[in-house]
Protein chains: 2
Amino acid sequence: MKKKPLILVSNDDGITAPGLRTLIEIMNEIGEVVVVAPDSPQSAMGHAITINSTLHCEKIRVTNGPQIEYSCSGTPVDCVKLAVNELLDRKPDICVSGINHGSNSSINVIYSGTMSAAIEAGIEGIPAIGFSLLDFKWNADFEPLKKFILQITIKALNKGIPSGVVLNVNFPKLKEEEIKGIKICRQANANWIEEFDKRTNPLGREYYWLTGTFINEDKGEDTDEWALNNKYISIVPTKFDLTAHHSIQELNTWDL
Amino acid sequence: MKKKPLILVSNDDGITAPGLRTLIEIMNEIGEVVVVAPDSPQSAMGHAITINSTLHCEKIRVTNGPQIEYSCSGTPVDCVKLAVNELLDRKPDICVSGINHGSNSSINVIYSGTMSAAIEAGIEGIPAIGFSLLDFKWNADFEPLKKFILQITIKALNKGIPSGVVLNVNFPKLKEEEIKGIKICRQANANWIEEFDKRTNPLGREYYWLTGTFINEDKGEDTDEWALNNKYISIVPTKFDLTAHHSIQELNTWDL
C-alpha cells in the first residue's frame with residue numbers, strides 16, 4: 001500500500017477556529033495530518049515573522065481525530081517555518097491553510113496570514129493551497145466547501161502544483177447546489193479605500209480604528225472577483241517572485 | 001516656481017533609526033517632506049496591518065529640519081494607510097521607505113516591513129521606492145548612498161514609475177568610490193534555511209529563537225544578488241499583482 005501523504009495544516013484565525021477544524025476533518029480523509037497553527041488570531045498579519053522575540057510551541061492533546069496538533073505563539077509564517085524546520089521529521093507532501101473566515105481574493109492576498117502560511121510553504125518547496133470562505137463569521141457554514149476542497153487537494157497531490165506557485169482558493173458564500181463550478185482566475189485589480197474612525201480614549205488621548213470599503217473597478221471576466229460574484233469558486237495561481245519582469249526594459253531606459 | 005513635490009517617508013526600523021534620518025535629510029533637498037513612521041522597530045512585519053486593535057499616532061516636535069513627523073503605534077503598512085487616508089491633505093507625489101538597516105534583496109522583499117510600506121503606497125497609486133543597505137548595524141554608514149538615492153528619486157519623479165510597480169533598491173556595503181553603478185535586476189531565486197535555537201526559560205518552559213542561513217543557488221547574472229555581490233546597486237521592479245499568469249493555462253488542464 002502506498003504511504004499516506006503527509007499534510008501540514010495551518011491558518012491565521014488560530015487553532016480553535018471552526019474553519020481550521022473543518023479543514024482538518026477533510027484532510028484526515030486523505031493523509032497523515034499535522035496541524036501547526038497560531039495560539040491566537042493572526043488575521044492580516046501578512047508575511048510577518050518573529051525575529052525580535054521568542055516563540056513558544058506546544059503539542060496539544062487531541063481527542064477528536066488521528067491528527068497531531070501544535071499550538072504556536074507566532075504568526076502563520078512562523079508556524080510553517082517551525083513545522084518544516086523543527087517539528088516534522090520529513091518534508092510535507094502538501095501544506096493547506098485555512099479555511100479562512102473571510103475573503104482572500106484580489107489584493108486581500110497580500111494582507112492575509114492564511115495565504116502567507118501557504119506562500120511560505122511554497123517558498124520552502126512544498127506544494128501549498130490556501131482556502132478561504134467569503135464569510136468572516138465565526139459560525140460560518142463550511143459544509144458546502146468540503147467536497148470541493150477534497151477534490152482540489154487530491155488533484156493537486158496527483159498533478160503537482162507548478163513550481164514557484166501557490167493556489168489561492170476562495171469560495172462564495174453559497175449552498176453546495178448553488179455553486180456553479182470552479183474557475184482558474186487572475187487576481188482582480190481592486191483595492192481598499194480606508195477610513196480611519198478617530199476616537200478619544202477615557203484618558204483623553206486620540207486613537208484610530210482602521211475601517212475601509214473594498215472597491216473593484218476591474219471589469220475583467222477572468223478575475224477572482226468576477227468568478228465569486230457569479231457563483232464560482234475562484235483559484236488564482238499565486239507567486240512569490242515579485243519581479244515585474246515586463247518593467248525591466250523600461251527602467252533600463254532611465255540610464256541610471 | 002513649480003510647487004515642490006510632496007514626499008511621504010516611512011520605514012520599518014522606527015522613527016529614531018539612523019537610516020530614516022539619512023533618508024529625511026536627502027528628501028529635504030527635493031521636496032516637502034512628511035514622515036509617518038513606526039514608534040518602535042517593525043522589522044520583518046511583512047504586509048501586516050492592525051485590524052483587531054487600535055492605532056495611536058502623534059505629531060512630534062521637529063528641531064532638525066523643515067520636515068513634518070508623525071510617530072505611529074502600528075506597522076509600516078498602517079503608517080502609509082494613516083498618512084494617505086488621514087494625515088495628508090493631498091496625495092503624495094512619491095513615497096520613499098527606509099533606508100533599511102539590512103538587505104531586502106531576493107526573497108527578503110516578502111518579509112520586509114520597509115518594502116511593504118513602499119508596496120502599500122504602490123497599491124494606493126503612489127509612486128514608491130524602498131531603499132535598503134546591506135548592513136544591519138544601527139551605526140551603519142549611509143553616507144555613500146546619498147548621491148545615488150537623490151539621483152534615483154529625482155529620476156523616478158521625472159520619468160514616473162510604471163503603474164503597478166514599486167522599486168526595491170539595495171545598496172552593497174561599500175565606499176562611494178567602490179560602487180560600480182546601478183543594475184536593473186530580477187529578484188534572485190534564493191531562500192533562507194531556518195534553524196530554530198531551542199532553549200529553556202527560567203521557569204522550565206521551552207522556547208525558540210528563529211535563526212537561519214541565506215542560500216542563493218540562482219546563478220543568473222541578471223539578479224539582485226549577483227549585482228550586489230559584484231559591487232553594483234540593485235533595483236528590482238516589484239509588483240503586487242501576485243498572479244502567476246503563466247500557470248493559468250496549466251491549471252485549466254486539471255479539469256476541476
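The values are calculated or read from the model by the stated rules, or taken from the named source; none is laboratory data. From a predicted model like this one, the values you see are computed outputs, not experimental measurements. Because the Cβ atoms are built from the backbone with ideal geometry, glycine has one as well, and the counts that use them run over all protein chains shown.
Quick look at the values:
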quantity	calculated
Any hit, the stretch B:176-198, residues being among the basic types (Lys, Arg) and modelled with pLDDT under 95	yes
Residue in the stretch B:240-255 that is within 11 Å of chain A (Cβ to nearest Cβ), at pLDDT 95 or above and farther than 30 Å from A:Val169 by Cα present	no
Selection count, the stretch A:184-233, where residues are more than 20 Å from B:Glu124 (Cβ to Cβ) and part of a loop (DSSP other than H, G, I, E, B)	12
Selection within the stretch B:25-42 - farther than 27 Å from B:Phe240 by Cβ and either part of a strand (DSSP E or B) or charged (D, E, K, R) (or both)	B:Glu25, B:Glu29
Given (1) within 14 Å of chain A (Cβ to nearest Cβ); (2) assigned to a helix (DSSP H, G or I); (3) of a type in the set (Ser, Thr, Tyr), number of the condition B:Thr22 does not satisfy	(1)
Near pairs, Cβ below 7 angstrom, 6+ apart or cross-chain, from the stretch B:120-144 (within 24 Å of B:Lys91 (Cα to Cα)) to any residue that is among the charged types (D, E, K, R) and crowded, with 20+ Cβ neighbours inside 10 Å	B:Glu120/B:Lys81
Lone unmet requirement of (1) buried (at least 20 other Cβ atoms within 10 Å of the Cβ); (2) part of a loop (DSSP other than H, G, I, E, B) for B:Asn108	(2)
Search result, residues across the stretch B:17-29 that are surrounded by 18 or more Cβ atoms within 10 Å (Cβ to Cβ) and touching a residue at least 60 places away in the same chain (Cβ under 8 Å)	B:Ala17, B:Gly19, B:Leu20, B:Thr22, B:Leu23, B:Ile26, B:Met27
Condition broken by A:Ile248, with the remaining ones in (1) hydrophobic (A, V, I, L, M, F, W, C); (2) touching a residue at least 40 places away in the same chain (Cβ under 8 Å); (3) part of a helix (DSSP H, G or I) satisfied	(2)
Any pair with Cβ under 7 angstrom, 6 or more apart, that starts in the stretch A:221-239 at a residue that is acidic (Asp, Glu) and ends at one that is in a strand (DSSP E or B)	A:Asp222/A:Arg186; A:Asp224/A:Asn170; A:Asp224/A:Ser234; A:Asp224/A:Val236; A:Glu225/A:Ala190; A:Glu225/A:Asn216
The stretch A:191-230 - residue that is more than 15 Å from B:Asp78 (Cβ to Cβ) and among the hydrophobic types (A, V, I, L, M, F, W, C) and, of those, nearest to the other protein chains (Cβ to nearest Cβ)	A:Ile193
Number of the exception - B:Asn170 against (1) part of a strand (DSSP E or B); (2) at the interface with chain A (Cβ under 10 Å from one of its Cβ atoms)	(2)
Flag for A:Val169 being closer than 17 Å to A:Leu134 by Cα and in contact with a Gly (Cβ under 7 Å, 6 or more places away or on another chain)	yes
Single match in B:Pro237, B:Pro162 (criterion: part of a loop (DSSP other than H, G, I, E, B) and not hydroxyl-bearing (Ser, Thr, Tyr))	B:Pro162
Search result, residues across the stretch B:74-92 that are surrounded by fewer than 20 Cβ atoms within 10 Å (Cβ to Cβ) and closer than 22 Å to B:Met115 by Cα	B:Asn85, B:Glu86, B:Leu87, B:Leu88, B:Lys91
Unique match (being farther than 30 Å from A:Gly14 by Cβ, more than 9 Å from every other protein chain (Cβ to nearest Cβ), in a loop (DSSP other than H, G, I, E, B) and in contact (Cβ under 8 Å) with a residue 60 or more places away in the chain) among B:Ser103, B:Ser97	B:Ser103
Scan of the stretch B:43-84 for residues that are assigned to a loop (DSSP other than H, G, I, E, B), more than 7 Å from chain A (Cβ to nearest Cβ) and not charged (D, E, K, R), ordered by number	B:Ser53, B:Val62, B:Thr63, B:Asn64, B:Gly65, B:Pro66, B:Gln67, B:Ser73, B:Gly74, B:Thr75
Residue in the stretch B:53-71 that is in contact with a Gly (Cβ under 7 Å, 6 or more places away or on another chain), within 28 Å of A:Glu120 (Cβ to Cβ) and either buried (at least 23 other Cβ atoms within 10 Å of the Cβ) or not charged (D, E, K, R) (or both) present	yes
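Results for (1) within 13 Å of another protein chain (Cβ to nearest Cβ); (2) loosely packed, with under 14 Cβ neighbours inside 10 Å; (3) in contact with a Gly (Cβ under 6 Å, 6 or more places away or on another chain); (4) farther than 19 Å from B:Val236 by Cα, shown as yes or no for each residue.
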{"residue": "B:Leu134", "(1), (2), (3), (4)": "no, no, no, no"}
{"residue": "B:Lys137", "(1), (2), (3), (4)": "no, yes, no, yes"}
{"residue": "B:Phe148", "(1), (2), (3), (4)": "yes, no, no, no"}
{"residue": "B:Ile152", "(1), (2), (3), (4)": "yes, no, no, no"}
{"residue": "B:Gly160", "(1), (2), (3), (4)": "yes, yes, no, no"}
